[in-house]
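All remarks here apply to the structure that follows.
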Amino acid sequence: MLALTFAMTGIAYLLGSVSNAVLISRFFKLPDPRDYGSHNPGATNVLRSGNRFAAFIVFLLDMLKGTIPVYLAWYLGIPPLYLGFIGIAACLGHMYPLYFHFRGGKGVATALGALMPLGLDMGSFMIITWLIVLLLSGYSSLAAICAALLAPFYTYYLKPEYTLPVAMLCCLIILRHHENISRLLHGNEPQVWSRHRLKRHRR
């Protein structure tokens, strides 16, 4: 079981390392999301390009990066605590992708996807929290931070056996948002609804 857990952890990291925001942007001939807006290769930044469909695909694929390895590990009978660490590995892959010079995103969608196999109720609470804060503030980063802060409490109430890995994952997400926190405090954080004029890259 230990060897299987290590193997699934490695698979989760490698799958998480696929930067869907960069690949989908190339497919739709959009600018590299690492070069504009928040410089974050994630769905929210792709949305700033004006292509909502591309942003939706990125969000869905980033979620699946967390869902697939955790669900497969659950199916193989890996204990609950290690399922959480496999989810963390997927998020680490998204944050520090092996194939993209370790320039990754914040891991919010991937973390949400990793929570889904552990309990749809936990994932639903996180989505609702994220949406409420986003609609009230217009800041995706603030919504993600609030959802990450509350996720361990949701987990403790609904699935206490997953509290430790979920708390560790949320701490990691908040640390990855340190630049966003600084921009929020200084009033420089771009809102989701704001659009940046993007120059198409000539090849």
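Quick notes
- Accessible surface, 1.4 Å probe, highest first, among residues Cys91, Cys146, Cys171: Cys171, Cys146, Cys91
- Mean Cα-pair separation over length for region 1-186, i.e. relative contact order, pairs under 8 Å, 6 or more apart, %: 21
- Computed about the Cα centre, the dipole magnitude for the chain is approximately 1080 debye when only Lys and Arg (+1) and Asp and Glu (-1) carry charge, each at its Cβ.
- Degrees separating the helix 80-95 axis from the principal Cα axis of the chain, which is the longest one: 20
- Taking every protein chain into account, the 1.4 Å probe leaves Ile68 with about 90 Å² of accessible area, to the nearest ten.
- Of all accessible heavy-atom area on region 1-103, the percent that carbon and sulfur account for (1.4 Å): 73
- Spacing of the two label points (7 Å from each Cα toward its C-beta) at Glu179 and Leu2, in nm: 3.9
- Accessible heavy-atom area order of Lys29, Lys159, Lys106, Lys65, highest first, probe of 1.4 Å: Lys29, Lys159, Lys106, Lys65
- Residue-wise HN-Hα coupling along region 150-158, computed from phi with Karplus coefficients 6.51, -1.76, 1.60 (Hz; x: Gly, Pro): 8, 4, x, 5, 4, 5, 4, 6, 9
- For Phe53, the solvent-accessible surface with a 1.4 Å probe is about 130 Å², rounded to the nearest 10.
- Take the chain with all the other protein chains still there, run a 1.4 Å probe, and you get 53 Å² of accessible area per residue.
- Each helix, a run of at least 4 DSSP H residues, gives -39500 (n - 2.57); summed and divided by the residues of the chain, these come to -21500 deg cm²/dmol at 222 nm.
- Label-point separation, Gln191 to Tyr157 (7 Å along Cα→Cβ), nm: 2.9
- Accessible area of Leu92 in the full protein assembly, 1.4 Å probe (Å², nearest 10): 60
- Interchain or long-range residues, amide H under 5 Å from Gly37's placed H: none
- Based on the convex hull around the alpha carbon atoms, the chain presents an average projected area of 11.0 nm².
- Acute angle (nearest 10 degrees) that the helix 163-176 long axis makes with the longest principal axis of the chain, alpha-carbon atoms: 20
- Of His178, Tyr154, Gly113, farthest towards positive along the dipole that unit charges on Lys, Arg, Asp, Glu beta carbons give the chain: His178
- Which of Ser140, Ser124 is most accessible, then next, and so on - probe 1.4 Å: Ser124, Ser140
The values are calculated or read from the model by the stated rules, or taken from the named source; none is laboratory data. Not measured: the values here are computed from a predicted model. So basically every Cβ, Gly included, is an ideal-geometry build from the backbone, and we count neighbours across all protein chains shown. For the accessible areas, the whole protein counts, side chains as well, though only heavy atoms, and no ligand, DNA or RNA atoms are used. Shrake-Rupley method; radii C 1.70, N 1.55, O 1.52, S 1.80 Å.
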